[in-house]
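Structure record follows, encoded as structure tokens.
No lab work stands behind these numbers, since they all come straight from the coordinates. Quick caveat, the model's predicted, so the values are computed rather than measured. Cβ placement follows ideal geometry from the backbone for every residue including glycine, while neighbour counts extend to all protein chains displayed.
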Amino acid sequence: MINALIEFHRRLATIIGLLIIVVVLMIVADAAGRFLLNKPLPGSVEMSRIALAWILFLSLAYGQIQGVHVRVEVFFSRYSPRLRRIVGTVTALISMFFFGLLTYAGWDMFQTSYVVSETIPAPIWLPFWLPKLAMPIGFALLVLQLGMEAVILASGKNPGSA
């Protein structure tokens, strides 16, 4: 199960990388159209903002797997391995609670936006619920990853070796 989740996040990271390339190409096409043809790509700024929301939120769990999120390393590196596991478990559980609340709030924001058919003011029709959906999905994936880490740490193992 753990390896399947890690593989899922690796594949998701590949998709995110491709999405970044699409955003770059879209911005280049918009700039080229604007300056060379005096005709920008309609809605490119808004579409890139939607893509960036997905890139940001879907990257959270992969960042957790890679261990790139911020922590106070000055203290953490001085702890014994046992204390590191205890602090890591407690931190993961507190983080699960916090990001669980954000998942719930994000879902509520998405649902409200979807029900009222909220749109982004742009030259083309773009639903505002689309970027809002990225938040609860991204946070839910992070909560799942934190839960896996809490279980691994509580069992006395290192998340990197499981």
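When each of the peptides 135-145, 120-130 is scored by the mean number of other C-beta atoms lying within 10 Å of its residues, the order from highest to lowest reads 135-145, 120-130.
Calculated [222 nm] ellipticity per residue, helices only, for the chain: -27000 deg cm²/dmol; basis is -39500 (n - 2.57) per DSSP H run with n ≥ 4, divided by all residues, nearest 500. Considering only the other residues whose Cβ falls under 13 Å of the Cβ of residue 89, what net charge follows from Lys and Arg at +1 and Asp and Glu at -1? Combined, the nearby Lys, Arg, Asp and Glu give +3. Annotation: for a label point projected 7 angstrom from Cα along Cα→Cβ of residue 82, residues of the stretch 123-162 with backbone N closer than 15 Å are 154-157. For the stretch 64-162, applying the loop criterion from DSSP together with a ceiling of 15 other beta carbons within 10 Å to the GluC sites (Glu not before Pro) yields 118. From the largest down, the stretch 64-144 spans 56, 22, 15 angstrom on the principal axes of its Cα atoms.
Loop-located trypsin sites (Lys or Arg not before Pro) in the stretch 83-162 (DSSP state not H, G, I, E or B) with no more than 15 neighbouring Cβ atoms inside 10 Å: 157. Taken over the alpha carbons of the stretch 2-154 as equal point scatterers, the Debye sum produces base-10 log I(q)/I(0) values at 0.10, 0.19 Å⁻¹ of -0.48, -1.15.
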